[in-house]
């Protein structure tokens, strides 16, 4: 994932969609931007789909110390405003990839969706089960299409996801949003958590298909993860 060596060793050859998730403000967008910038620095193009209200231009400037224009020329930023908009954008991604192949430009190496479920969660209404079923179906289609792009074109997929909680046997567990739909399509997940030290972060990397877990630690600075 082009962040730091130990994580690269664990996810040396991605087998599908990778998600990074955690609570608000733990550094998920910083992680995603840093991954995009590192991929761009290797000469690969990046599609970065952003669904939050405020574009993180300050964080981009902090991570990028030089070569601002050269790096950003390799990153295509796409803003989505609601879940239907995100749905349409994802289903048109293949055309963007094919147009790039026809132009024989630098190939796309990474697609990032930040975030995959925040707009989805805004649409959920507990009293309207039929609508929620439809939203789950659309989320499933989005992730299926991203998986198809990975398998067909070899473009890595990183999705930023939100933390939610579920209760089971009188116990509450932190899970990533999207439930079984997300768990089905994600091959690796990276949970970022705060620690007692303000800038320190714990990262739990889970390889879903083999149900293996790896624990890492990192420092989050203004310039990204170190």
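Summary of computed values
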| quantity | calculated |
| --- | --- |
| Count of residues meeting criterion [surrounded by fewer than 12 Cβ atoms within 10 Å (Cβ to Cβ), at pLDDT 80 or above and in a loop (DSSP other than H, G, I, E, B)] in the range 43-84 | 5 |
| Residue that is farthest from the chain's Cα centre (by Cα), among those in the range 2-23 that are in a loop (DSSP other than H, G, I, E, B) and touching a residue at least 12 places away in the same chain (Cβ under 8 Å) | 4 |
| Filter result for residue 110 (in a strand (DSSP E or B), in contact with a strand residue (DSSP E or B) (Cβ under 8 Å, 6 or more places away or on another chain) and surrounded by 21 or more Cβ atoms within 10 Å (Cβ to Cβ)) | yes |
| Hits in the range 188-215 - residues which are assigned to a loop (DSSP other than H, G, I, E, B) and in contact with a strand residue (DSSP E or B) (Cβ under 8 Å, 6 or more places away or on another chain) | 195, 199, 208, 209 |
| Residue within the range 198-219 that is modelled with pLDDT under 90 and buried (at least 19 other Cβ atoms within 10 Å of the Cβ) present | no |
| Scan of the range 152-167 for residues that are assigned to a strand (DSSP E or B) and either in contact (Cβ under 8 Å) with a residue 40 or more places away in the chain or under 13 Å from residue 178 (Cβ atoms) (or both), ordered by number | 156, 157, 158, 159, 160, 161, 162, 163, 164, 166 |
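The values are calculated or read from the model by the stated rules, or taken from the named source; none is laboratory data. Quantities reported herein were computed from a predicted structural model and do not represent experimental measurements. Cβ atoms come from the backbone with ideal geometry, glycine included; neighbour counts cover every protein chain shown.
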